[in-house]
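Chemist: Provided herewith is a single structure, encoded as structure tokens, for subsequent inquiry.
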Amino acid sequence: MFNLVTTTFCLSDIQPEPGRWRFAEGSGEIFRRPPPDRVVTFGKKHNLWLKGQPLLAGSWFPKWASDFSHDQIRALYEDYFRRVAERYSHSFDIFDLVNESLCHTKFPLYNDNLDYVEWAFKCARPLFPSRVRLELNEATPHIFNTDPKSGNNRFFNLVQRLLDKGTPIDAIGMQFHLWSPAIDAHLQGIGPHRPEKVHATIEAFATLGLPIYISEITLPSTMAPAPDGEDLQADILRNFYQLFFSIKRVNGIIYWNLCDGTAWRNEGNCKAGLTDEYFREKPAYQALEQLICRQWLTACTLQADDQGVVSFRGFRGSYEAQVNNQEFTFTLHNKQTINTLQLA
């Protein structure tokens, strides 16, 4: 059901002390921060795409570097970008290069223009191969609470300004954490997370021309006593996933915590996992499986016409087919073109 796994590259946890790197197995354990090499092994074993996040986030700036000058901070991150690129460019497909730039005003490089964001992308882009997407990721309120068309959505304005300056951003990451009171307003049909508002906001960002990832999703199951809360979580998840899937620029949807009991700090109180602590599938998991493995899966048996031609309309992605007991695979690409496959 899943084809991508994301793991954390917070600098404060990858390099908890000067010169001590936690890339490899045996380099020390930190909750929610497995060594990236372990994730690479897991991803290869299960044929998963890999995403790393975040390479630069003000909230994860190492305390041991708090006295660094601005030049020293830039040198620190440039070295980090280079190390990650050299070690993981062959295995990771996408990185959140900068995360929550509008949130962390105490980060030493922060200013009102967020100049460090432009610097980070122009610094990192030459270090990574072009196939690796570098994403600008932002927190839910800065994306959805203000209409992008109003002129007052700071994140929309930031992305537009950076693109106008030629900043090599490859993708936009949109967090979608609906904790209380946001989820309470949604249930009442008010607030910025109504389906029509969410759709309009994402479509507005789509006009910027970049791929969009719904990068972090949290939907509580505590909106009502069990089991009603879990059923409600499943209904909301199903509706939003269908909304996201309907938008052409949305390239990926990432749920943030697979199981309960693993979330960051008090975020786990809302029990937003797709399974419980014992990996019991919640209705939300089953709803997602129904969408991905059944509703969005093309399965058909076809009969060739007199010219030996068959045609079908299907979802983009990889296909397994069988013709006269001969098995083969092919891909419908992410393009609005007719895909033709000729068999000898």
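The values are calculated or read from the model by the stated rules, or taken from the named source; none is laboratory data. All of these numbers come straight from a predicted model, not from anything done at the bench. So basically every Cβ, Gly included, is an ideal-geometry build from the backbone, and we count neighbours across all protein chains shown.
Chemist: What residue, of 279, 330, is of a type in the set (Phe, Trp, Tyr) and surrounded by 12 or more Cβ atoms within 10 Å (Cβ to Cβ)?
Modeler: Step by step, each of 279, 330 is checked, and only 279 is of a type in the set (Phe, Trp, Tyr) and surrounded by 12 or more Cβ atoms within 10 Å (Cβ to Cβ).
Chemist: So which pairs qualify, if the first residue must be in region 320-344 and closer than 28 Å to residue 247 by Cβ and assigned by TED's automatic domain parsing to the domain that holds residue 308, the second must be of a type in the set (Val, Ile, Thr) and at pLDDT 65 or above, the Cβ gap must be under 9 Å, and the two must be at least 6 apart or on different chains?
Modeler: Close Cβ pairs satisfying both conditions: 320/329; 332/298; 339/331.
Chemist: Taking region 9-66 on its own, how many of its residues are assigned to a strand (DSSP E or B) and either without any contact (Cβ under 8 Å) to a residue 24 or more places away in the chain or in contact with a helix residue (DSSP H, G or I) (Cβ under 6 Å, 6 or more places away or on another chain) (or both)?
Modeler: The total comes to 3.
Chemist: Which pairs do you get when a residue that is assigned by TED's automatic domain parsing to the domain that holds residue 148, found in region 193-208, comes within reach of a residue that is at pLDDT below 95 and surrounded by 15 or more Cβ atoms within 10 Å (Cβ to Cβ), reach meaning Cβ atoms under 6 angstrom, with the pair 6+ apart or on two chains?
Modeler: 193/182; 193/186
Chemist: Can I ask one more? Could you tell me whether residue 121 is assigned by TED's automatic domain parsing to the domain that holds residue 194 and either without any contact (Cβ under 8 Å) to a residue 24 or more places away in the chain or in contact with a helix residue (DSSP H, G or I) (Cβ under 7 Å, 6 or more places away or on another chain) (or both)?
Modeler: Answer is no for this residue.
Chemist: Which condition number does residue 107 fail, the rest of (1) closer than 24 Å to residue 4 by Cβ; (2) surrounded by 15 or more Cβ atoms within 10 Å (Cβ to Cβ); (3) modelled with pLDDT of 95 or more being met?
Modeler: The number of the failed condition is (1).
Chemist: Being surrounded by fewer than 18 Cβ atoms within 10 Å (Cβ to Cβ) and not aromatic (Phe, Trp, Tyr) is the filter; apply it to region 260-269 and report the residue that is farthest from residue 221 (Cα to Cα).
Modeler: Only one residue tops the list, namely 265.
Chemist: Looking only at region 201-251, how many residues end up being in a helix (DSSP H, G or I), among the hydrophobic types (A, V, I, L, M, F, W, C) and surrounded by 19 or more Cβ atoms within 10 Å (Cβ to Cβ)?
Modeler: 8
Chemist: A further question follows. Quick test of your reading of the structure: residue 166 fulfils all but one of (1) small (Gly, Ala, Ser); (2) in a helix (DSSP H, G or I); (3) out of contact with any helix residue (DSSP H, G or I) (no Cβ under 7 Å at 6 or more places or on another chain). Name the failing condition by number.
Modeler: (2)
Chemist: Search region 282-307 for residues being surrounded by 13 or more Cβ atoms within 10 Å (Cβ to Cβ) and touching a residue at least 60 places away in the same chain (Cβ under 8 Å), and hand back the single one that is nearest to residue 318 (Cα to Cα).
Modeler: Checked region 282-307; the qualifying residue nearest to residue 318 (Cα to Cα) is 292.
Chemist: Let me ask you something else. Inspect region 189-196 for any residue being part of a helix (DSSP H, G or I) and either in contact with an Asp or Glu (Cβ under 9 Å, 6 or more places away or on another chain) or crowded, with 21+ Cβ neighbours inside 10 Å (or both) and give the result as yes or no.
Modeler: Looking for residues that are part of a helix (DSSP H, G or I) and either in contact with an Asp or Glu (Cβ under 9 Å, 6 or more places away or on another chain) or crowded, with 21+ Cβ neighbours inside 10 Å (or both), one finds none in region 189-196, hence no.
Chemist: All but one of (1) assigned to a loop (DSSP other than H, G, I, E, B); (2) without any contact (Cβ under 8 Å) to a residue 12 or more places away in the chain; (3) among the small types (Gly, Ala, Ser) hold for residue 185, so report the exception by its number.
Modeler: (1)
Chemist: Quick one: in region 131-163, of everything that is outside any helix (DSSP H, G or I) and basic (Lys, Arg), which residue is farthest from the chain's Cα centre (by Cα)?
Modeler: 131
Chemist: Do we have residue 72 as assigned by TED's automatic domain parsing to the domain that holds residue 128 and surrounded by 15 or more Cβ atoms within 10 Å (Cβ to Cβ) here?
Modeler: no
Chemist: A further question follows. Consider residue 71 against the criteria (1) within 17 Å of residue 14 (Cβ to Cβ); (2) of a type outside the set (S, T, N, Q); (3) assigned to a helix (DSSP H, G or I): it satisfies all of them except one. Which criterion is unmet?
Modeler: The one condition residue 71 does not meet is (1).
Chemist: Being surrounded by 16 or more Cβ atoms within 10 Å (Cβ to Cβ) and either modelled with pLDDT under 95 or basic (Lys, Arg) (or both) is the filter here; which residues of region 1-24 pass it?
Modeler: Answer for region 1-24, where residues must be surrounded by 16 or more Cβ atoms within 10 Å (Cβ to Cβ) and either modelled with pLDDT under 95 or basic (Lys, Arg) (or both): just 22.
Chemist: Oh, and also: Among (1) in contact with a Leu (Cβ under 7 Å, 6 or more places away or on another chain); (2) farther than 18 Å from residue 201 by Cβ, which single condition is residue 113 missing?
Modeler: So residue 113 meets the others, but not (1).
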